[in-house]
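The values are calculated or read from the model by the stated rules, or taken from the named source; none is laboratory data. Everything numeric in this text was worked out from a predicted model, so none of it was measured. A quick note on method: Cβ atoms are made from the backbone with ideal geometry, for glycine too, and the neighbour counts reach across all protein chains shown. Note: areas computed on protein heavy atoms with side chains; ligands, DNA, RNA excluded. Shrake-Rupley method; radii C 1.70, N 1.55, O 1.52, S 1.80 Å.
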Amino acid sequence: EDKVVQSPLSLVVHEGDTVTLNCSYEVTNFRSLLWYKQEKKAPTFLFMLTSSGIEKKSGRLSSILDKKELFSILNITATQTGDSAVYLCAVSTGTASKLTFGTGTRLQVTL
Amino acid sequence: NAGVTQTPKFQVLKTGQSMTLQCAQDMNHNSMYWYRQDPGMGLRLIYYSASEGTTDKGEVPNGYNVSRLNKREFSLRLESAAPSQTSVYFCASSEGTSVVLGLFFGEGSRLTVL
């Protein structure tokens, strides 16, 4: 059974801090790993990673994948209150058209 | 740009009642999905449809049925609702028959079964 585990489950930081969110996986026939941000409603897409060691960046957010050690990290620098959300990690596997999601990390950024 | 549209957004049912959640996408995507989201459980796949005319079970299909009415629409039916089906339901779609390009989600439907 495919498994995606995120840590920590939740964290609270002060505005301006840097945070690192973790995602590890045990799956058969890995294809890609995706990060989503979920505020009050639907998850919105952040990154897709397929190759090991290549960092994806978007503003203050960045992510990297380690296919040997089976994990990914999502970094957020200079956090802002607007970064408060649940961050979801998901893995696409094999030929099936589906994603397996982790339970998410709830990030709260305080003033 | 509507994207993925789900209806209704909220619904309260009594145990044993039936209902259908409707989903439509206007992005000409081939694949469509139904997920449920529960506290501490993440998003779990109920059913998916890789292309028009096909449907497949996901991780938690029991108690649900689906219909891929056409390329745009994918409905989820609860024939006899149970309290365990209280959840937030998300419809999603994906270009092609692979999720490598990511899923686009609807706004969610909050269902409460009493």
Under Stokes-Einstein, with the Kirkwood radius over Cα pairs standing in for Rh, what whole-number D in µm²/s applies to the stretch B:1-78 at 4 °C and 1.567 mPa s?
98 µm²/s
For the pair residue B:9 and residue A:17, what calculated FRET efficiency results from E = 1/(1 + (r/R0)^6), where r is the Cβ-Cβ distance and R0 = 30 Å, to the nearest 0.05?
0.30
How large are Rg and Dmax for the protein assembly as shown when calculated on the C-alpha trace, in angstrom?
17.6, 51
Which aspartates and glutamates, on any chain, are close to residue B:9 with Cα under 15 Å apart, when same-chain ones fewer than 8 places away are left out?
B:107
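Given 0.36 nm per residue, what is the gain on full extension from residue B:65 to residue B:19 after removing their alpha carbon distance, in nm?
On the way: separation 46, 0.36 × 46 = 16.56 nm, distance 1.07 nm.
15.5 nm is the gain from fully extending residue B:65 to residue B:19.
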Once both label points are put 7 Å beyond Cα along the C-beta direction, the residue A:7-residue B:86 separation in nm becomes 3.2 nm
Listed by chain and number, the aspartates and glutamates with an alpha carbon less than 19 angstrom from that of residue A:57, same-chain partners under 8 positions apart left out, are A:17, A:66, A:83
Space enclosed by the convex hull of the alpha-carbon atoms of the stretch A:1-86, per residue, Å³:
104 Å³
Given Cβ point charges of +1 (Lys, Arg) and -1 (Asp, Glu) and nothing else, what value in debye, to the nearest 20, does the dipole of the stretch A:25-111 about its Cα centre take?
220 debye
Using the structure shown, select from A:37/A:98; A:41/A:67; A:40/A:98; A:67/A:98; A:3/A:56; A:3/A:37 the pairs with a Cα to Cα distance greater than 27 angstrom.
A:41/A:67
Accessible surface buried upon B-A contact (total; probe 1.4 Å; Å², nearest 100):
1600 Å²
In chain B the DSSP beta bridges are antiparallel at a rate, in percent to nearest 5, of 90 percent
Please report the carbon-and-sulfur percent of the accessible area for the protein assembly as shown; probe 1.4 Å, protein heavy atoms only, DNA, RNA and ligands left out.
49 percent
